[in-house]
Every structure is written in structure tokens, then in C-alpha cells.
Amino acid sequence: MEKKIILSGIQATGVLTLGNYLGSLNNWVEMQDKYDCYYMIADLHTLTIRKDPEELRKNTLALLALYVAAGLDPEKNTIFIQSHIPAHPALSWVLNCYTYMGELNRMTQFKDKAAKHADNINSGLFTYPVLMAADILAYNADLVPVGDDQKQHLEITRDIAERFNSIYGKTFKMPEAYIGKVGARIMGLQDPTSKMSKSAVNELDKILLTDTPDEIRKKFKKAVTDSENKVRYDKEAKPGVSNLMSIYGIIKHKSMEEIEKEFDGKGYGDFKSAVAEAVVERLEPLQKRYNELLESPEKLRAIYEKGDKKAREITDKLLKEVYKKVGLVI
Ligand code: TRP
């Protein structure tokens, strides 16, 4: 049987957090044998917010290095840079002509970002979901691993695909969101009721993938818990402890019940240091590979050139089909 196709991407906006890693990259690594996977660096999407050019270039390569350091095997997955594949913006233009302003106006992420960047509400920000639809539809993706915040973009992708298919006949496959198990949402260490965010002002709220072991230990030590001093999973009443349990569970492949048993009779001090050590142990080899890759730009180039080539072949074919269907001379 043919493997199902997976496509996903992350914007090139600086250092990722432990939440990004456990919520996306780590799941991607677990899917690489079972699916035909395409993972891109969404650098074109990053342009919707003003960025320093040198920084964007640096972040793009750093994110590529991180993909590989986290365990994505370039031999098994197609890893590429979005802007290197001309079919993405080209298909996006066509799809723009099949997307209504009213639909885009309803996107909550657009509203949030427009409020946050009131001085730069550019049309790229508005049509962001259409480029994302092009990313997905260009590969005939079956499944798209995304966080909660991107679900609406996947729905509009399906609407656009359906509209196009109903006018021109079956052209695009209908993609589905692939919402990971636990870990899809790792919360902040200081405010465990909101998602761990790379833009959090309070450094103690987030673990960065580049944090040193001592920084990681310190942040877990200071993580917000509650006064019960009992390791028990209860997301509503004990969001802090439950979040730490999720982190530990993903890394150690343990269920919440197993963790409760393991720490039965032990206090938060022991539990927090066990979580910290698990994270340190997981991140140390990742950081080592990451730093090595950053120092060998030629290796990184070879990785994306290989991925770009395959991505270009696949998308060129689909783009031609779309051009033909809408009436362009090909
Ligand atoms: N918008 C996504 C995010 O910020 C990144 C992204 C761009 C993406 N294109 C995609 C994710 C296609 C999945 C599929 O998280």
C-alpha cells in the first residue's frame, strides 16, 4: 500500500521552545517511517511580519539544522525551504482568485496578528492562509500535523480545494488535520494556563532548545505548581503539575498513571528534578548535533538542495495541471 503523504512547516522566527519541539518536531520524527513526509521551513510566511534580512537568513538555516538535529532523517523525509519552490507562490496566486475576502476576514489569526502589528497590516498577512493552502495542496498531502491555532487554516484549505475541484473536476486531494496526542500543547512553566510561547517576556516561562542544562534545571525548579505536593494529573485543578507530567510522559513514553505511580509518596522537589533531567538528557545530544550542523553550512546546503529538487519535481507537475485547468497556456 502507498504511504500517506504528510506535509508541515514551521516559520523561521528564531529559537524554538521545548513546546514547539514536543508539540511538533518530536511527533514528526515518530512519523518518518510510516508516512511519506514533506517538511519545509516556511520562510515566505515569515515575511508577513517585518524581519531583519540577515536574521531571517540565519534563522532559516538554523531551523533546518534543528529539524535534522531533532532526528528528521534527510534520507527518509523531504526537507526543503519554501521560497526555493516557485510553485508555492504561483499556486497561491491562482488560489487567491478562488478565495473570498469574507472567508479570510474570519480568520482569527489574522485578527490577532493585525491587532498586534497595527502598523503593518499588509496583504500578505491577509492572504497568509492561501499560501498555506498552496503549500498543502501542491503535495497532495493527506495529513497535516498542526497545532490548534492552525486548524482554521486547514479548514479554509479544504474549502478552497473543494471549490476548485467542484469547478474543474478533481484536482486536489482533501487534506486532514493531524492533531498529535499529548504534547500538542505544552504550557508555560510560569503560567500553565497558556501555551509555552517563544515570545513570552518572562524567560522562566519557556525552555528554549538552546538553553544550557543549568538554565533548564533552574527553570523547572521555579516552575509553578500548587500546594498539594502530590503528583497527580488534573488539568483543571493542577495545570502546572499536569503540564510537567505531560512533558515527562512524552520524553519517557509513560502514561499519566505510570507517572503517578512512579512519584507516589514523593514531593514536587524530586518530581521537578526528574523532569528537568529527562529534558536535559533529551536536549543535550540534540544541541550537540545542532551546533555541529550550524558549523557546516555545506552540509546544510546539501540537505536542502536534495529536498528542494524533489519538492520542485512534484509541485511543477501539479502546478501545470492547475494552469491548464484554469485556461493558461502551458
Ligand atoms: N502557518 C504555520 C504556523 O505558523 C506554518 C505553515 C506554513 C504550515 N505553511 C504550512 C503548517 C503548511 C502546515 C502546513 O505554524
Would you please name the residue that is farthest from the ligand (Cβ to nearest atom), looking only at residues in segment 110-128 that are of a type outside the set (Gly, Ala, Ser) and either outside the structural domain of Asp159 (by TED's automatic domain parsing) or closer than 23 Å to Ala90 by Cα (or both)?
Ile121
With respect to Leu283, determine if the residue is open to solvent by less than 60 Å² (accessible area, probe 1.4 Å) and of a type in the set (A, V, I, L, M).
yes
Condition first: open to solvent by 10 Å² or more (accessible area, probe 1.4 Å), outside any helix (DSSP H, G or I) and in contact with a Pro (Cβ under 8 Å, 6 or more places away or on another chain). Now tell me which residues in segment 130-142 satisfy that.
Asp142
Is at least one residue of segment 206-218 open to solvent by less than 80 Å² (accessible area, probe 1.4 Å), away from the ligand (no atom under 16 Å from the Cβ) and closer than 14 Å to Lys272 by Cβ?
yes
Out of Asp52, Asp73, Asp36, report the one residue that is charged (D, E, K, R) and touching a strand residue (DSSP E or B) at 6+ places or on another chain (Cβ under 8 Å).
Asp36
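Please specify each residue of segment 65-86 satisfying the condition of being part of a helix (DSSP H, G or I) and either over 18 Å from the mean Cα position of the chain (by Cα) or within 22 Å of Tyr178 (Cα to Cα) (or both).
Taking segment 65-86 and keeping what is part of a helix (DSSP H, G or I), we get 65-69, 82-84.
Selection gives Leu66, Tyr67, Val68, Gln82, His84.
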Qualifying positions in segment 75-113 - polar (S, T, N, Q) and open to solvent by 70 Å² or more (accessible area, probe 1.4 Å):
Asn105, Thr108
Is segment 182-200 home to any residue that is more than 14 Å from the ligand (Cβ to nearest atom), surrounded by fewer than 16 Cβ atoms within 10 Å (Cβ to Cβ), within 21 Å of Leu25 (Cα to Cα) and without any contact (Cβ under 8 Å) to a residue 60 or more places away in the chain?
yes
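Here's a check for you: in segment 1-34, which residue that is assigned to a loop (DSSP other than H, G, I, E, B) and away from the ligand (no atom under 14 Å from the Cβ) is surrounded by the fewest Cβ atoms within 10 Å (Cβ to Cβ)? Before the answer, list the steps.
Start the filter on segment 1-34 by keeping residues that are assigned to a loop (DSSP other than H, G, I, E, B), which leaves 1-4, 11-16, 32-34.
Those left that are additionally away from the ligand (no atom under 14 Å from the Cβ): 1-4, 15, 32-34.
Numbers: Met1: 3, Glu2: 6, Lys3: 11, Lys4: 15, Val15: 15, Gln32: 17, Asp33: 10, Lys34: 10.
Out of the qualifying residues, it is Met1.
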Segment 143-160, subset open to solvent by less than 30 Å² (accessible area, probe 1.4 Å) and away from the ligand (no atom under 11 Å from the Cβ), residue farthest from the chain's Cα centre (by Cα):
Ile160
Taking segment 105-129 on its own, how many of its residues are among the β-branched types (Val, Ile, Thr), under 13 Å from Thr48 (Cα atoms) and not in a loop (DSSP other than H, G, I, E, B)?
1
Restricting to segment 293-330, name every residue that is closer than 17 Å to Pro74 by Cβ, in contact (Cβ under 8 Å) with a residue 12 or more places away in the chain and open to solvent by 40 Å² or more (accessible area, probe 1.4 Å).
Leu294, Pro297, Lys306, Lys310, Arg312, Ile314
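The values are calculated or read from the model by the stated rules, or taken from the named source; none is laboratory data. Predicted, not measured: the structure shown is a model, and the values here were computed from it. A quick note on method: Cβ atoms are made from the backbone with ideal geometry, for glycine too, and the neighbour counts reach across all protein chains shown. With ligands, DNA and RNA removed, areas are computed over all heavy atoms of the protein, side chains included. Shrake-Rupley method; radii C 1.70, N 1.55, O 1.52, S 1.80 Å.
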